[in-house]
Amino acid sequence: MTMSEVVPETTTAESTVDETPRPARTTWRTFRREPLGISALVVLVLLVVMAIAAPLLAHYPTGYGDVVLAPPSGAHWFGTDSLGLDVYAEVVWGAQQSLLVAAASSLIAIVFGTLLAVVGAYFRRIDAVISVVVDLFLSLPILPLMIMVAALVGPSTMTIILVIAAFSWPEVTRVVRSQALSVVRLPYVDAARLMTSSPVWIITRHVIPAVSPLILVSVVITSSRAVLTAASLAFLGLGDPNAWSWGRILYEAQQAGAMSTAWWLPLFPSLAIFLLVLASTLLSTTYNDARNRKRSRV
Amino acid sequence: MSLALFVLKRLGRGVLTIWFAVTVTFLLLRLLPGDPALAIASPNMTAGTRAAILAEYGLDQSLPVQYVKYLGQLVQGNLGVSFSQGISVSDALLERLPWTLLLVASSLVVTVLVGIPLGVLAAAKSGGLADRFVQLVAVTGQSLFVPSVGILLLYVFGLRLGLFPIGGAYGEGVYGGQWYLSVISHAVLPCLSLVLVQLGQYVLTMRSTLIDALGEDYVTLARANGVPGRRVLWKHALRNALLPTTTLVGLQVCLYLVGGVILIETVYAYPGIGRGIYEAVVRLDFPVLQGAFLLLAAVVVVVNMITDIIYGVLDPRVKAAA
Amino acid sequence: MFRPRTALAGAAAVAVLFTAACAPSGPPAGESAVSDATLTIATTTDVVNYNPLIGNSRSDYWITNLMYPHLLSIQPDGSKGPELAEKWGYVNDTTGFYEIKPGLTWSDGQPLTAKDVAYTLNAVKKDKPAGTLYGQLANFDSATAVSDTRVEVKLSHPDASLIPEVGFWGNVVPQHVFEPAGSVAKFANDGSKGGWVSAGPYVLTSVQRGQSYTMKRVDNYPLVPGGKGKAAEVVYRVYPDVNTEILALKNGDVDVIANSLPPAQVKQLQSTPDIKVAEVPGLGYSHMTYNMTKPDLAKKDVRLALAHAVDYDAIRRVVLQGQAVSTGSSQLMPVLSAYYDKSVTEYEYNPDLSRQLLTQAGYKPDGNGNFPLSFRLIYSLQDPVTTQWATIVKDGAAKAGVTIQLQGIERNTYLAMTDKGDFDIYAGNFAIMDDPATNMSLAYLPGGAINYSYVDDPALNALIDKARVTFQQPDQIPIMRDAAKLVRDNVYDNIMYTQNLYVAYRSAWSGFAVKPSELLSIVNPVSVASATKAG
């Protein structure tokens, strides 16, 4: 378990580190030995670097090119689309938009979802209400609702971020809540309650640190799902027409009827989405496994 | 807890779930921009005609009045009349729902049939090569962008190999036994896509709960008592691991019935309810949207109840309590 | 005790039960001996409305067209030909007439007479359904069946376009089915009361929403040789994704794709074995209008600057793959050969000229060469071609120092915003703009249904009014040319091109009769009824 992370710093945290490695470090050591996990991490880092370094990697795709639907070649690594634009440049710049949507929407969902979860775990009366609301939200048809909202509000990057966030937080709350509940029941939290009357202090100092590994996993999973969702919305015509995203490349390929005839058009953005989601999921399972290694070795 | 109370509580919860879905949909449709009047009255109409049409659909009334009226209609089983088509909403939807149910149900069966052995294999060889391979396969399916895979499958198995027809739920002009074959051959590829995307979640959950179960005392005890490893795995541990995965199946029906199928039905030209919802959104057909979300919520409630029952069958403690 | 199979078997049983419940039974013996072929046609949308007087989607039009005939047909140059009506014209300035073929019947055996025609026109005038026909009836007063085959139309004002336009746009519906249903603006005509009644070559018999619309041959359709359609059945199948639709055509699951092909797919399909591609002449145009109620756009120089900042050639060459022709920035497209005026030329793509015009209008560029001008351009997301060229318009304007914000919206919202004037620049297209006098009065007269630039120019109004009461085409042509030149020179509209469309079908089929526009193309009633399958 992640006990030592929640031990107040004023106590003997320093000395424990020397005697037995902190679990976070143990986790990292176990993690490092998992080739799947490491390669996932490398892929993720590469994708993020690609997004940040987009201006160095390719010119922003704009206007039109003269050779439309050209297959991959030396001049156009990933071929060209139905406007003659370079698909490689679109994928590179699309990473920026796709990761932005993923990061922003999952950040909002995580902050909101975690807050509700820990507050609920701490104040048991609110918890009853929160858990019912979360259950109700989880039984809503999420994607159709997102489509409806995005269509009514009008597609823009902001709309997409907010819509995804608005329907992703209940899952975060559900996952974090169960962990937070068990933390709140631990003796040292009771002890803390005796020492201070400030719930904020206890929640920020004890509960949130205790659930932070779970939040970390949640971030990865939520944002990878957000990428898929944003792509789905874009594919249905509800993406931002003013910015390149992986979903928009796919949408335009679909509109041009080129999905089966120009294989490079759907392939590369799908591959980018695939790598991102695959790496995120593998990363989080390996991380979870590494943390639970002790138990599973019994 | 008495059985009657248990059932009552479940029913109450079901009604609450449906009410919530209906209310959220109603409010979203009314409060977000997007004018329902568009769908039913051309802006070129004279002001008088337009007002008359709006009044006929009750759109000229205040929000609370509309809401109460709407709930009143629902209680009487009246879902209203489609703005764009002028036909009853239940007619527009009920024809489509069975096809989506068929797709989701059959893909679930396949997912469970394939998922259990894969999950067991991965858990038994936890950390080994087989485990890694299964994980990779599972996660791969989960990470696919459905429309791209759909087109690829259609291209390979439909066009190149000619094994399956492209588009629709059945062929025209086939009857009797032939018709069933036609339904099956039309469902194979969309079903396969659904299995691909949902298998991962299932296998991973099965794997992790099995690994947990294998660490439990009673398994150790069983082993100590000389129960063969295979038997421990398949009988004792699996039985426990099936509990959370049952919940997952329930959850997945909800997720895919109501979400993922929109893309699948679009690509495979399958006449299900997901596509119906998308079209209603495009046409701002509020009554159809409200009806569709109500229907989906109802299906979710039914699935949850079934899950509860299966839970009861699986878990002796719940059974005893009931 | 737990058995995993129970749950599975349960789920499977549900599936089986469901399918068992709805397996259709075979056709009754005796009918099964039809050896003729089934023509399967793909479309991308479902039918929204089976009432041809309301329907507005293409599938609505295609399917109802096979059941409810038009009085007149259209030629590639926009002139009208006979269909249900054999003769038509004017008795005097305010009285028109149609003479329909004798001996026509509806598929339920009832005769189709002039009474049905008169009923249809009067009902549309009275109930104001949202379709195109109502818009054509502005100067219509009433219609009377003076015999079984002759309808006389009273006009409230002289209108030279009304008889041909109404004849072309109006479907004739059966009075004995529509009248009992009440208002034609609300009647769903969904076949729920005893099915459909047709006077076309086919009649709709069964519908699987989201999948297929099955139509059976009607025995009496005198508009084709042989008196009935060649194919025994016509099935429309719905493919929401055009990619799947193309795969289905290649696979042979469908025989025809009714919607026009994405421009970039034409070449590819032309070289595909077993597939033929037919060219369908366009009879409409794509355009942009500048909302003149906005202070900046009310200035002619600003509009002209915008018009000169569009790379029209690139749009036609790249987005449309050369499948479009310039109209010389005029409403009088080359296809309207009698009206077309070669001396009117397209706005030249010249961003420098645009800058000059803006400076001349008193705007000053900032340090980056950008003028303090920003406009919002709206277009429909359901229109892939416009969606693509909108970005080229944006990039061109940027070169002239003007910012354009793209706003692609769902079709319904788009139409509403257009009608409310909630835009700076509007981009869109019309499928059929066959009659210049009618279209100019709709597009440029104050209060016109498609006057999206909100123009109100007395000189233009006078020309259009004069054209509407000029009954002889040779007299009308110079008036229309003057009007078109006025529109072009003042940038009251920016007409960009006429798109020639392409549709694909399997080469086993032949005999299609191509008509202009996507609405008619090779799926017009006569064409569908004439199609035959080889072998």
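The values are calculated or read from the model by the stated rules, or taken from the named source; none is laboratory data. Treat the numbers as computed from the prediction; the structure is a model and nothing was measured. All Cβ positions, glycine included, derive from the backbone under ideal geometry; neighbour counts span all protein chains shown.
Within segment A:234-261, can you find the residues that are more than 9 Å from chain C (Cβ to nearest Cβ) and over 17 Å from the mean Cα position of the chain (by Cα)?
Of all residues in segment A:234-261, those more than 9 Å from chain C (Cβ to nearest Cβ) come to A:234-236, A:239-240, A:243-251.
Of everything in segment A:234-261, those that are more than 9 Å from chain C (Cβ to nearest Cβ) and over 17 Å from the mean Cα position of the chain (by Cα) turn out to be A:A234, A:F235, A:L236, A:G239, A:D240, A:A243, A:W244, A:R248, A:I249, A:L250, A:Y251.
Kindly indicate whether any position in segment C:496-512 is out of contact with any strand residue (DSSP E or B) (no Cβ under 6 Å at 6 or more places or on another chain), of a type in the set (K, R) and at pLDDT 95 or above.
Scanning segment C:496-512, I find at least one residue that is out of contact with any strand residue (DSSP E or B) (no Cβ under 6 Å at 6 or more places or on another chain), of a type in the set (K, R) and at pLDDT 95 or above, so the answer is yes.
Does A:W264 satisfy the condition of being in contact with an Asp or Glu (Cβ under 7 Å, 6 or more places away or on another chain), closer than 30 Å to C:Q268 by Cα and more than 9 Å from every other protein chain (Cβ to nearest Cβ)? Let's see the steps before the verdict.
Values: in contact with an Asp or Glu (Cβ under 7 Å, 6 or more places away or on another chain): no; closer than 30 Å to C:Q268 by Cα: yes; more than 9 Å from every other protein chain (Cβ to nearest Cβ): yes.
Answer is no for this residue.
Can you find, within segment A:254-270, the residue that is surrounded by the fewest Cβ atoms within 10 Å (Cβ to Cβ) among those that are outside any loop (DSSP other than H, G, I, E, B) and either in contact with a Phe, Trp or Tyr (Cβ under 9 Å, 6 or more places away or on another chain) or at pLDDT 95 or above (or both)?
Our first condition is that a residue be outside any loop (DSSP other than H, G, I, E, B); within segment A:254-270, this holds for A:254-255, A:264-270.
Next, from what is left, pick out any that are either in contact with a Phe, Trp or Tyr (Cβ under 9 Å, 6 or more places away or on another chain) or at pLDDT 95 or above (or both): A:254, A:264-270.
Details: A:Q254: 27, A:W264: 21, A:L265: 27, A:P266: 23, A:L267: 19, A:F268: 22, A:P269: 31, A:S270: 24.
Among those that are outside any loop (DSSP other than H, G, I, E, B) and either in contact with a Phe, Trp or Tyr (Cβ under 9 Å, 6 or more places away or on another chain) or at pLDDT 95 or above (or both), it is A:L267.
Against the conditions (1) more than 8 Å from chain C (Cβ to nearest Cβ); (2) buried (at least 20 other Cβ atoms within 10 Å of the Cβ), where does B:S84 fall short? Just the number, please.
In the conditions (1) more than 8 Å from chain C (Cβ to nearest Cβ); (2) buried (at least 20 other Cβ atoms within 10 Å of the Cβ), B:S84 misses (1) alone.
I'm trying to understand the selection: among the residues of segment A:52-77, which are under 29 Å from C:V319 (Cβ atoms) and in a helix (DSSP H, G or I)?
A:A54, A:P55, A:L57 - these are the residues of segment A:52-77 that are under 29 Å from C:V319 (Cβ atoms) and in a helix (DSSP H, G or I).
In segment C:235-267, what residues are hydroxyl-bearing (S, T, Y) and either outside any loop (DSSP other than H, G, I, E, B) or more than 22 Å from C:P281 (Cα to Cα) (or both)?
Hits for segment C:235-267 are C:Y236, C:Y239, C:T244.
Looking at the structure I just gave you, is C:Q382 out of contact with any His (no Cβ under 6 Å at 6 or more places or on another chain), among the polar types (S, T, N, Q), within 14 Å of chain B (Cβ to nearest Cβ) and surrounded by fewer than 20 Cβ atoms within 10 Å (Cβ to Cβ)? First the steps, then the outcome.
On the way: out of contact with any His (no Cβ under 6 Å at 6 or more places or on another chain): yes; among the polar types (S, T, N, Q): yes; within 14 Å of chain B (Cβ to nearest Cβ): yes; surrounded by fewer than 20 Cβ atoms within 10 Å (Cβ to Cβ): yes.
Taking the combined requirement at face value, the residue satisfies it.
Restricting attention to segment C:189-212, which residues are out of contact with any Lys or Arg (no Cβ under 7 Å at 6 or more places or on another chain), crowded, with 18+ Cβ neighbours inside 10 Å and at the interface with chain B (Cβ under 10 Å from one of its Cβ atoms)?
Once the filter is applied, which keeps residues that are out of contact with any Lys or Arg (no Cβ under 7 Å at 6 or more places or on another chain), crowded, with 18+ Cβ neighbours inside 10 Å and at the interface with chain B (Cβ under 10 Å from one of its Cβ atoms), segment C:189-212 yields C:N189, C:D190, C:V207, C:Q208.
Hand me the list of helices (runs of 4 or more DSSP H) wholly inside segment B:64-174 holding 2 or more residues that are under 29 Å from A:I273 (Cα atoms) and without any contact (Cβ under 8 Å) to a residue 60 or more places away in the chain.
B:97-124, B:129-142, B:146-153
Restricting attention to segment B:206-247, and to residues there that are of a type in the set (K, R) and within 22 Å of B:V134 (Cα to Cα), which single residue is nearest to the other protein chains (Cβ to nearest Cβ)? Working first, answer last.
In the first step, residues of segment B:206-247 are kept if they are of a type in the set (K, R); the result is B:207, B:223, B:230-231, B:235, B:239.
Now restrict to residues that are within 22 Å of B:V134 (Cα to Cα): B:207, B:230-231, B:235, B:239.
Numbers: B:R207: 9, B:R230: 16, B:R231: 15, B:K235: 10, B:R239: 6 Å.
For segment B:206-247, the residue satisfying everything is B:R239.
Which residues, counting only those in segment C:282-298, are surrounded by fewer than 18 Cβ atoms within 10 Å (Cβ to Cβ) and in contact (Cβ under 8 Å) with a residue 24 or more places away in the chain?
Within segment C:282-298, the first condition is being surrounded by fewer than 18 Cβ atoms within 10 Å (Cβ to Cβ), and the residues that meet it are C:293-295, C:298.
Once the filter is applied, which keeps residues that are surrounded by fewer than 18 Cβ atoms within 10 Å (Cβ to Cβ) and in contact (Cβ under 8 Å) with a residue 24 or more places away in the chain, segment C:282-298 yields C:T293, C:K294.
I'd like to verify a number: residues in segment B:157-186 that are in contact with a Ser or Thr (Cβ under 8 Å, 6 or more places away or on another chain) and of a type in the set (F, W, Y), how many?
4
Can you go through B:L214, B:L129 and tell me which one is of a type in the set (A, V, I, L, M, F, W, C) and buried (at least 21 other Cβ atoms within 10 Å of the Cβ)?
B:L214
If a residue counts only when it is more than 30 Å from C:A416 (Cβ to Cβ), which helices (runs of 4 or more DSSP H) contained entirely in segment A:131-210 have at least 3 such residues? Let's see the steps before the verdict.
On the way: elements: A:142-153, A:157-184, A:187-195, A:199-202.
Counting at least 3 such residues, we get A:157-184, A:187-195, A:199-202.
Scan (1) more than 30 Å from A:R32 (Cβ to Cβ); (2) buried (at least 24 other Cβ atoms within 10 Å of the Cβ); (3) facing chain B (nearest Cβ under 9 Å) for the single condition A:L282 breaks and write down its number.
Evaluating A:L282 over (1) more than 30 Å from A:R32 (Cβ to Cβ); (2) buried (at least 24 other Cβ atoms within 10 Å of the Cβ); (3) facing chain B (nearest Cβ under 9 Å) leaves (1) as the failure.
Within the bounds of segment C:235-254, is there any residue that is within 25 Å of C:Q75 (Cα to Cα) and either touching a residue at least 60 places away in the same chain (Cβ under 8 Å) or within 14 Å of another protein chain (Cβ to nearest Cβ) (or both)?
Checking segment C:235-254: not a single residue is within 25 Å of C:Q75 (Cα to Cα) and either touching a residue at least 60 places away in the same chain (Cβ under 8 Å) or within 14 Å of another protein chain (Cβ to nearest Cβ) (or both).
Specify the residue that is nearest to the other protein chains (Cβ to nearest Cβ); the eligible residues are those in segment B:128-161 that are more than 30 Å from C:Y213 (Cβ to Cβ) and among the β-branched types (V, I, T).
Within segment B:128-161, the match that is nearest to the other protein chains (Cβ to nearest Cβ) is B:V139.
Can you pull out every residue in segment B:162-187 that is among the hydroxyl-bearing types (S, T, Y) and within 7 Å of chain C (Cβ to nearest Cβ)?
B:Y175, B:Y180
Is it the case that C:L53 is modelled with pLDDT of 90 or more, within 15 Å of the chain's Cα centre (by Cα) and not polar (S, T, N, Q)?
Yes.
For segment C:312-360, enumerate the residues that are free of Cβ contacts under 8 Å to residues at least 12 places away in the same chain and at positive phi.
C:G322
Please determine, by comparing only the residues of segment C:464-478 that are assigned to a helix (DSSP H, G or I) and surrounded by fewer than 20 Cβ atoms within 10 Å (Cβ to Cβ), which one is modelled with the lowest pLDDT.
Among them, the one singled out is C:Q473.
Residues of segment C:312-330 being in a loop (DSSP other than H, G, I, E, B), within 13 Å of another protein chain (Cβ to nearest Cβ) and either within 21 Å of the chain's Cα centre (by Cα) or over 15 Å from A:V67 (Cα atoms) (or both), which ones?
Scanning segment C:312-330 gives C:L320, C:Q323.
Are any of the residues in segment C:218-227 over 22 Å from C:S510 (Cβ atoms), facing chain B (nearest Cβ under 7 Å), surrounded by fewer than 24 Cβ atoms within 10 Å (Cβ to Cβ) and out of contact with any helix residue (DSSP H, G or I) (no Cβ under 8 Å at 6 or more places or on another chain)?
No - not one qualifying residue is present in segment C:218-227.
Read through the list (1) surrounded by fewer than 20 Cβ atoms within 10 Å (Cβ to Cβ); (2) in contact with a Pro (Cβ under 7 Å, 6 or more places away or on another chain), then give the number of the only condition that C:S156 fails.
Result: C:S156 passes all but (2).
For segment A:137-160, which residues satisfy the criterion of being in contact with a Ser or Thr (Cβ under 6 Å, 6 or more places away or on another chain) and surrounded by fewer than 24 Cβ atoms within 10 Å (Cβ to Cβ)?
A:V153
For the structure I just gave you, tell me whether C:N439 is assigned to a helix (DSSP H, G or I), among the polar types (S, T, N, Q) and at pLDDT below 95.
Yes; evaluated as a whole, the condition is true for this residue.
Among the numbered conditions (1) surrounded by 24 or more Cβ atoms within 10 Å (Cβ to Cβ); (2) at the interface with chain A (Cβ under 9 Å from one of its Cβ atoms), tell me where B:G119 comes up short.
(2)
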